[in-house]
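Taking it in order: structure first as structure tokens, then the write-up.
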Amino acid sequence: MSRVRAQGWRRLAVFSGWLALGVAAARAVAPNLASVVPAGGQRGTEVAVTLKGDRLADAQDVLFYSPGITVEKLVSATTAEAKTVFKIAPDCRLGEHAFRLRTTSGLSALRIFFVGPFPSVDEREPNNTPAKAQAVALNSTVQGTNGNEDVDCFVVEARQGQRLVVEVEGARLGRTMFDPIIMVAGADGRELARSDDSPLLGHDGFVSLLAPADGRYFIQLRDVAYAGNGHFYRLHVSDHPRPALALPLGGKAGETVEARFVGDPAGEWKESITFPAEKAEKSPVVTLRDGGGVSPNWVRVTDLPDAGAIEAGTTPANAPVLNLPAPLAFDGVLANRGMTAFFRFKAKKDQNLNIEVFARRLGSPLDPVLTVLGSKGAVLGNNDDAAGHPDSALRVRIPEDGDYTVKVADQLGRGGPLFAYRVEISPVGPALTLSIPDTARYDNETRKSLAVPRGNRFAILLNANRDAFSGDFRVEFDGLPAGITMHADAVPGSLSAGPVVFEADATAPIAGRLLRPSAKAVDAAKAAGLATRFRHKVEWVRIQNDTVYVQSEVDQIAAAVVEEVPFTVRIVEPKVPLVQGGEMALKIVAEKKEGFDEAITLKMLWNPPGVSAQPDVTLPKGASEMVYKLNAGPKAETRAWKIAVVAGATVKGGTAYVSTQLAPLEIAAPYLLGKIALTKVERGKTAKLTCVLEQKRAFEGTAIARLVGLPDGVTAREIAITKDSNEAVFEVVTTDRSPTGNFKNVSCNVVVTETGEPVSHTLAPGSVLRIDAPKTKAVAAAGAAAPTSPATAVAKSND
């Protein structure tokens, strides 16, 4: 799990925290988990935790996304709250842990709980002046709330030369748009240090200093704009180390290195660390020195060989050649203001390389600018901020064998001992990043977990962000709870999304778990090299200009069998195709249990390429069938697809979501095309309107043709045509009340019957019928005397 924080912002929140996301989650028949009290706990202890919200009476379990925390017991549960005991292992990772509450009826929205090294104490008011400062002991965590125009003050004793480290978890809690600022002052009130944002902690900060004398030290915590609004926080006060960085910023999986911890007021030191056996975008590292760190530093874990420590050049001419050819990784520091680092590496012709700098994402203050130079000095590319983060990345195809140069600089020319960076030069390989799209703006949670009711179905649309892979693939959900079956077709190379339907047996045990979706290439030759991962992001707070202020990310999906709901829906599978340029009335049937008769909202899970549909339709109370209209464009791809319809209805005060089966839908070429020339008629008279037919495929029997889009007061009888017809001629009848003007939405609808079902065509859409006002006798006489000229007709065609 990783976190991303915006670095620039304005003071207006678009949405903020768990309350906003709780409203979204409340649209599911699932626990609405609004708050977690307390927000964190000490590792190696058992913590009484109260989960508050709605629909919590049937709480069963808590699913944690990372190891180290378990539910020791569920003490009690009511509709509004569930009392639990979290057991935190002594070696539990410090920092954020994501989880969901599972009930018999559903899965909650994602929530987070923080683990720290110290025992917790509650903030006590009044404490908003130094004179009323709350006394706290070193190596403790204060859990409190900051209100409007509130300044929370604390006082702690420290000895001369002793570390005093103050770190806040405020914005990181993800509950409100809290931008905390910490200030530490001596007994005389003189300010010694302050911190607002920090490269390591984002919008949270930390103060780390050596006490200049024995005595009392005052700590103030407030919102940077005094705009407190029930801001929760956890304030760690300790004499433990707080390094700003762990160097190097990455390494090879499974290897052990001598790391440097820098940025602590007591000076830097070295410790041996072993990188995890599995690759990781961000892996936590916590120093063991002097009792251990307060929260993690971050490093990369890859499978790239490491070039080791090499002093950078200051120009392309004196750039050192790295001791390994690409692919490789290396680390460095822009130790002085204005410094620019140059390195050379060897590469082979036609290597397709991804060259990326990691700095800000790992806690470095460096805002890197990356430039790559060719073997003859030409610039092959440069980048400041890559998509989604302030670090830099380039993709380069090597034009010829030779030495290539990497240049790393700070965007503002800054430098210093903390301006560290890591450059990774890796081969571009086929990859898929899987995710589930949001169902609405600012809603990251609705239908993002797999809550499958017994004897029913649940559907998701799975997106795939493709990178250097254009082949067909199949999705896999290994480890689904017992009794759940997945249904999904292969996703063709032309698409980046596909529908997936999950079905639970009527007797499946009610249970849940976390799992990692994956994908495999259909072509066995491409399957071995395809890397896949799943990502789910929750944006806790957004601010003006739609900037993400704080968010969390997990790489697993929650899946559960839940109790049955009182309705099911199914598609009456069509026996005929939807033709290009045609429409289909898709029938949906609902089966409702006795005593349930709520309206059901129906929505297509997805539309195949070239197919459109109504946004949604509502099956009213008392009804059991509904028609959902589908339309195919004239260039819709002709092939067999699978579709599903999602249904939602009010159950137990929330919305229960189910889906139809994954049903076949064939898109086929039309039986015929048509053109309609501009047709003119005088109001009150009749005219012949001809649709010239182009027969494409033979059909049996007769088809019915009718005009669509005629204005009010204008009629035309439907007519029968056959496979041998080359035109359909309609008599258009107007009256003295018919409107005049050009009517540009006329078309010819032709319905061919195949295996007893209609195949509907729309021919010549957008054709024009012109209705003129009646001519006066004088105008008519003048027109009769004037010479005639050939008429010009403009044809509309749907081919």
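The values are calculated or read from the model by the stated rules, or taken from the named source; none is laboratory data. Bear in mind that the values here come from a model prediction, so they are computed numbers and not experimental data. When we count neighbours, we look across all protein chains shown, and the Cβ atoms used for this are built from the backbone with ideal geometry, even at glycine. Side chains included, ligands, DNA and RNA excluded: accessible areas come from the protein's heavy atoms. Shrake-Rupley method; radii C 1.70, N 1.55, O 1.52, S 1.80 Å.
Between a residue in the range 371-383 that is over 16 Å from Thr340 (Cα atoms) and any residue that is among the aliphatic types (A, V, I, L, M) and open to solvent by 50 Å² or more (accessible area, probe 1.4 Å), which pairs come within a Cβ distance under 8 Å, given they are 6 or more apart or on different chains?
Close Cβ pairs satisfying both conditions: Gly374/Leu380.
Within the range 687-738, how many residues turn out to be in a loop (DSSP other than H, G, I, E, B) and not small (Gly, Ala, Ser)?
Counting residues in the range 687-738 that are in a loop (DSSP other than H, G, I, E, B) and not small (Gly, Ala, Ser) gives 17.
I need every pair where a residue in the range 487-510 that is over 14 Å from Leu462 (Cβ atoms) has its Cβ under 6 Å from the Cβ of a residue that is part of a strand (DSSP E or B), sequence separation at least 6 or different chains.
Pairs found: Glu503/Arg457; Glu503/Thr485; Ala504/Val452; Ala504/Ile484; Ala504/Val561; Ala508/Val561; Ile510/Val561.
Sort out which residues of the range 497-549 are exposed (fewer than 15 other Cβ atoms within 10 Å of the Cβ) and in a helix (DSSP H, G or I), and write them in order of number.
Ala524, Ala525, Gln544, Asn545, Asp546
Quickly run through the range 163-198 and pick out the residues that are aliphatic (A, V, I, L, M), assigned to a strand (DSSP E or B) and out of contact with any Pro (no Cβ under 7 Å at 6 or more places or on another chain).
Matches in the range 163-198: Leu164, Val165, Val166, Ile181, Ile182, Met183, Val184, Ala185, Leu192, Ala193.
Scan the range 92-128 residue by residue and report those that are among the small types (Gly, Ala, Ser) and farther than 26 Å from Arg454 by Cβ.
Gly95, Ala98, Gly116, Ser120
Hey, among the residues in the range 65-74 that are assigned to a strand (DSSP E or B) and surrounded by 18 or more Cβ atoms within 10 Å (Cβ to Cβ), which one's farthest from the chain's Cα centre (by Cα)?
My answer is Val71.
I'd like to know if the range 422-431 contains one or more residues that are surrounded by 15 or more Cβ atoms within 10 Å (Cβ to Cβ) and closer than 20 Å to His536 by Cα.
yes
For residues in the range 386-415 being among the hydrophobic types (A, V, I, L, M, F, W, C) and farther than 15 Å from Asp331 by Cα, which is farthest from the chain's Cα centre (by Cα)?
It comes out as Ile398.
Only residues that are acidic (Asp, Glu) and either surrounded by 19 or more Cβ atoms within 10 Å (Cβ to Cβ) or in a strand (DSSP E or B) (or both): list them for the range 622-666, please.
Across the range 622-666, the qualifying residues are Glu625, Glu666.
Looking only at the range 439-459, which residues are free of Cβ contacts under 8 Å to residues at least 60 places away in the same chain and either of a type in the set (Ser, Thr, Tyr) or touching a strand residue (DSSP E or B) at 6+ places or on another chain (Cβ under 8 Å) (or both)?
Correct list: Thr439 only.
Of the residues that sit in the range 95-136 and are open to solvent by 50 Å² or more (accessible area, probe 1.4 Å) and assigned to a strand (DSSP E or B), which one is farthest from Trp540 (Cα to Cα)?
Ala135
Could you tell me whether any residue of the range 455-468 is at pLDDT 95 or above, open to solvent by less than 10 Å² (accessible area, probe 1.4 Å), touching a Lys or Arg at 6+ places or on another chain (Cβ under 9 Å) and farther than 30 Å from Met604 by Cα?
Taking every residue of the range 455-468 in turn, none turns out to be at pLDDT 95 or above, open to solvent by less than 10 Å² (accessible area, probe 1.4 Å), touching a Lys or Arg at 6+ places or on another chain (Cβ under 9 Å) and farther than 30 Å from Met604 by Cα.
Which condition breaks for Lys592 when tested against (1) touching a Leu at 6+ places or on another chain (Cβ under 9 Å); (2) under 15 Å from Ala656 (Cα atoms); (3) open to solvent by 40 Å² or more (accessible area, probe 1.4 Å)?
Unmet condition: (1).
Show the residue pairs that are 6+ apart or on different chains and have beta-carbon atoms under 9 Å apart, the first residue being within the range 752-764 and in contact (Cβ under 8 Å) with a residue 60 or more places away in the chain and at positive phi, the second being in a strand (DSSP E or B) and among the small types (Gly, Ala, Ser).
Ala764/Gly674; Ala764/Ser747; Ala764/Ala795; Ala764/Ser797
Would you check if there is a residue in the range 578-592 being in a helix (DSSP H, G or I) and not charged (D, E, K, R)?
So far as the range 578-592 goes, no, none of its residues is in a helix (DSSP H, G or I) and not charged (D, E, K, R).
Quick check on the range 757-776. Is at least one of its residues touching a Pro at 6+ places or on another chain (Cβ under 6 Å) and either of a type in the set (D, E, K, R) or at pLDDT below 95 (or both)?
Scanning the range 757-776, I find no residue that is touching a Pro at 6+ places or on another chain (Cβ under 6 Å) and either of a type in the set (D, E, K, R) or at pLDDT below 95 (or both), so the answer is no.
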